[in-house]
Amino acid sequence: MTKKGYFGEFGGAFLPEILVATFEELEREFTAIKSDTEFWNLYQSLMSNYSCRPTPLTYAENLTQHLGGARIFIKREDLNHTGAHKLNNVMGQGLMVKRMGKGRVIAETGAGQHGVATATMAAKFGFKCTIYMGETDVIRQRPNVFWMNRLGAEVVPVTDGTRILKDAINEAFRDWVSNMDDTHYVLGTACGPHPFPEMVTFFQSIIGKEARKQVLDQTGKLPDRIFACVGGGSNAMGIFSGFLEDPVELIGVEAGGKGLSTHHHASRLCSDDASLGVAQGYKTFFLQNDEGQMNETHSIAAGLDYVGVSPVLSHLRECKRVRFSAATDEEVIEVMKLTMQKEGIIPALESAHAFVQAFKEAPQMSQDQIIIINQSGRGDKDIFTIADAFQDPDWNQFIINKAEQYHA
C-alpha cells in the first residue's frame with residue numbers, strides 16, 4: 001500500500017461520520033491480529049479441524065490429455081466446508097468478532113456461498129445473524145437460501161435497485177449504521193472501505209500459501225500461470241497473494257455475460273464500460289454512466305454480478321502484475337460440461353469462468369508448463385441455473401411434478 005488503506009490510487013475509506021469510530025475499532029483489531037502468531041495458529045487450527053484445510057491441489061490428468069499442452073492443476077476450494085473459499089474469510093472475521101465482544105453479525109451475499117458461510121460461522125460461535133440478499137439472487141440461488149434459514153440466519157430479500165449484490169451491500173451498510181455497537185458486518189469480498197480489502201485478502205491468503213507449497217511438492221517447480229475468476233476479488237486475491245513475488249503469470253477472469261459489446265456483463269477491468277469512481281466506501285473501477293450512476297450488470301453467475309472490483313486488483317492491473325480477460329455465459333456452460341464429463345468435477349458457475357480462459361490458453365503452452373485453476377466453489381448451488389441452461393427435460397418434468405404436488 002502506498003498510504004494507509006490505498007493500493008496505488010485505489011481503495012481508501014469514504015465513510016459517514018457515524019461509522020468512523022467503528023472502523024477505527026476494526027482497524028485496531030485487525031492490526032493486532034496481523035502480527036499475532038497465536039491468533040494465526042488458532043485460525044489455522046480451526047480451519048484444519050472444522051473446515052477441511054488444506055484443500056487438495058488436484059492434477060486434472062484427463063483434461064490435460066484432452067486439451068494438450070500445459071499440465072492442469074485445480075486448487076479445490078470446492079472441498080472447503082460449505083463448498084467454497086468463503087469460509088476462510090468468514091471464520092477469521094468470526095474470531096475477531098469474539099475478540100471484540102460483539103454478539104451479532106450481518107453479511108451480504110450474491111451467489112449465497114458467503115451467506116451460507118456466515119450463517120455457518122454464526123451457528124458455530126453462537127452469534128445472531130442477518131443476511132442481505134438481492135431479491136433476484138434469492139430466486140436463482142434458492143438452495144443456499146434454504147440452508148441459511150436452517151442454520152438459523154434471517155435472510156432479508158432486498159428489493160431496491162437492481163435487486164442483486166450491490167443492493168445487498170447497500171442494505172447491509174444501512175443495518176450496520178443503526179446497530180454498530182453490537183454488530184459486525186462480515187463483508188465477503190476484498191472490496192469496501194479500509195481495512196476490508198486488506199483484511200479479506202489476509203484471511204484468503206491461506207489459499208495461495210497452500211497452493212504454492214503443494215505445487216512445489218508435487219512438481220518441484222512453480223506454475224507458469226494461475227487463473228481465478230473475479231467478482232469482487234476475494235478468491236483471486238487469495239490464490240494470487242501466494243505468488244505475487246514469484247515469476248508466475250496471474251490471470252483474472254471476469255463475467256463477460258452476453259458479450260462485452262452488448263453491455264450485458266460485469267467486466268470492470270477488461271471492458272470499456274467501467275471508469276474510476278467512489279462508491280460503497282472505496283475508490284476503484286465501477287460500471288457506471290457519465291453521471292456516476294451505477295449501470296445494471298449481468299452474469300449467469302450471481303457471485304460475479306457486481307458493479308465494482310477490489311481496489312487491490314485495480315492496482316495490480318495498473319502496474320501490469322495481473323492480466324484480465326472475460327468469459328461469456330455461453331462459454332461457461334460449455335466448459336462446465338467438459339469439466340464434469342472429463343474429470344467428474346462440478347465447478348461453480350463463478351469458478352467456471354476461470355476454467356474458460358485456462359482451457360483457451362493451455363493448448364498453446366508446452367507440456368512441461370504448469371497452470372493452476374482456482375476452483376473457488378462447487379456447482380451444486382447452481383443446479384437450477386445449470387439445469388435451465390442445459391435444457392434438461394427430465395429436470396423440467398421433475399419441477400413440474402413437484403409443483404403439481406404442492407398445488408394438489
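The values are calculated or read from the model by the stated rules, or taken from the named source; none is laboratory data. Note that this is a predicted model, so its numbers are computed, not measured. With ideal geometry, Cβ positions are generated from the backbone for all residues, glycine too; neighbour counts draw on all protein chains shown.
When each of F30, F10 is tested for being at pLDDT 95 or above, farther than 28 Å from A301 by Cβ and not basic (K, R), the lone residue that passes is F30. For the stretch 34-69, the set of residues classified as in a loop (DSSP other than H, G, I, E, B) and among the basic types (K, R) consists of R53 only. Checking each residue in the stretch 134-144 for being touching a helix residue (DSSP H, G or I) at 6+ places or on another chain (Cβ under 6 Å) and either free of Cβ contacts under 8 Å to residues at least 60 places away in the same chain or outside any helix (DSSP H, G or I) (or both) picks out G134, V138, Q141.
Okay, residues lined up against (1) within 23 Å of V312 (Cα to Cα); (2) of a type in the set (S, T, N, Q); (3) under 19 Å from the mean Cα position of the chain (by Cα); (4) surrounded by 21 or more Cβ atoms within 10 Å (Cβ to Cβ):
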{"position": "L19", "(1), (2), (3), (4)": "yes, no, no, no"}
{"position": "L26", "(1), (2), (3), (4)": "yes, no, no, yes"}
{"position": "Y59", "(1), (2), (3), (4)": "no, no, no, no"}
{"position": "L67", "(1), (2), (3), (4)": "no, no, no, no"}
{"position": "R99", "(1), (2), (3), (4)": "no, no, no, no"}
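Residue count for the stretch 259-308 satisfying the condition of being in contact (Cβ under 8 Å) with a residue 60 or more places away in the chain, among the charged types (D, E, K, R) and either touching a strand residue (DSSP E or B) at 6+ places or on another chain (Cβ under 7 Å) or under 24 Å from A13 (Cα atoms) (or both): 2. All of (1) outside any loop (DSSP other than H, G, I, E, B); (2) farther than 24 Å from T31 by Cα; (3) touching a residue at least 40 places away in the same chain (Cβ under 8 Å) hold for H184 with one exception: (2).
Rundown of residues vs (1) free of Cβ contacts under 8 Å to residues at least 12 places away in the same chain; (2) under 26 Å from C229 (Cα atoms); (3) assigned to a loop (DSSP other than H, G, I, E, B); (4) assigned by TED's automatic domain parsing to the domain that holds D217, yes/no style:
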residue	(1), (2), (3), (4)
G92	no, yes, no, no
M96	no, no, no, no
V105	no, no, no, no
A119	no, yes, no, no
K124	no, no, no, no
Y132	no, yes, no, no
F146	yes, yes, no, no
A168	no, yes, no, no
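With respect to K342, is the statement that it is charged (D, E, K, R) and part of a helix (DSSP H, G or I) true? When the stated conditions are applied, K342 passes them. Within the stretch 371-383, not a single residue is aliphatic (A, V, I, L, M) and without any contact (Cβ under 8 Å) to a residue 24 or more places away in the chain. Residues that are part of a helix (DSSP H, G or I), aliphatic (A, V, I, L, M) and surrounded by 24 or more Cβ atoms within 10 Å (Cβ to Cβ) within the stretch 70-90 comprise L87, V90, listed in sequence order.
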